[in-house]
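Only the coordinates and a few stated rules stand behind these numbers; no lab work does. Computed from a predicted model, the values in this text were never measured in an experiment. Virtual Cβ from ideal backbone geometry, glycine too; neighbours counted across all protein chains shown.
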Amino acid sequence: MTTLQAVSGAAPIVAPAPSAARTPAARLTYFDELYRRRDPYGTRRRWYERRKRRVLLDALPRERFARAFEPACGSGELTFELAARCDQVLASDYCRAALAQARQTVHALRNVEFAEHCVPVQWPAACGHFDLIVVSELCSFLDTGGVAHVGQRCAASLAGDGVLVACDWRHPFEARELEAEAAHALLDKIGLHRIVRHEEEDFLLGVWSRDGRSVARQEGIV
């Protein structure tokens, strides 16, 4: 994971940042050093990480999306799988070393674009509306104001039928700023409808949509 951004799909307990690395500059240095190793959080090799991505992808209320945004993409394992469900994916991170790994992960895919963003301050405002935004393992590294800001950015960037997904590690770790439950409670207040809450001991997954329709309603079954 990256400072102010966590690696998508990564469990932060694997390599907690020291308490001295809580400022943005110090965190960036820490994660730059961390990403000198390939896939430092085991997002590719660990069953926990592979399964969590599968749960996240299965929770999406539509089979296909046109334009997705994934801030905090980390080493790009989730990016790779999102690309199979989306026409276009914009993936960003704050750590250049992480972005370099993500580019290697998805090098053969033509529908993925990368950008360097320190969210929530930097945001792809010029890119129009997204119908899917996936915020995975990011909120724990932001304080209350930061998560609220991310939520506002997401709400403003979603299309009329847009979907927001947030997934966060639930166990304590030294670098955590905000618990998953508190972060998701803030996302409940941004004006979207929560349509999925998946809760396990290890992680909390939430899905919100602009129109609030269930999968069955979208397909005209009810």
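Kindly identify segment 25-78 as rounded, prolate or oblate by the Cα gyration tensor criterion: order the square roots of the eigenvalues as a ≥ b ≥ c, call it rounded if a/c is under 1.5, otherwise compare a/b with b/c, prolate if a/b is larger, else oblate.
oblate
Peptides 170-179, 97-106: what's the order by average Cβ count within 10 Å, highest mean first?
Taking the mean over residues of other Cβ atoms within 10 Å, the ranking is 97-106, 170-179.
Based on DSSP, what percent of beta bridges with both residues in the chain are antiparallel, to the nearest 5?
40
Between segment 206-222 and segment 71-125, how many Å separate their Cα centres?
What the calculation gives is 27 Å, centre to centre.
Shape verdict for segment 132-222, please, from the Cα gyration tensor: rounded (a/c under 1.5), prolate (a/b greater than b/c) or oblate.
oblate
In nm, to one decimal, how far is the residue 218 label point from the residue 88 one, both placed 7 Å along Cα→Cβ?
Modelled inter-label distance: 2.0 nm.
Run through segment 186-222 and list the trypsin sites (Lys or Arg not before Pro) located in a DSSP loop whose Cβ has at most 13 other Cβ atoms within 10 Å.
189
Which percent, nearest 5, of DSSP beta bridges in segment 99-215 are antiparallel?
The answer is about 70 percent antiparallel.
Could you run the Karplus curve 6.51 cos²θ - 1.76 cosθ + 1.60 with θ = phi - 60° over segment 79-96 and give me ³J(HN,Hα) per residue in whole Hz, x for Gly and Pro?
3, 4, 6, 5, 4, 6, 10, 10, 5, 9, 10, 9, 10, 9, 7, 8, 9, 5
Need one number: nm distance between label points at residue 55 and residue 177, each 7 Å from Cα along Cα→Cβ, rounded to one decimal.
Output for this residue pair reads 2.5 nm.
Would you kindly derive the ³J(HN,Hα) couplings of segment 172-177 from the backbone phi angles with the Karplus curve 6.51 cos²θ - 1.76 cosθ + 1.60 (θ = phi - 60°), listing them in order in whole Hz, with x for Gly and Pro?
Computed from phi, the couplings for segment 172-177 are x, 8, 4, 7, 5, 9 Hz.
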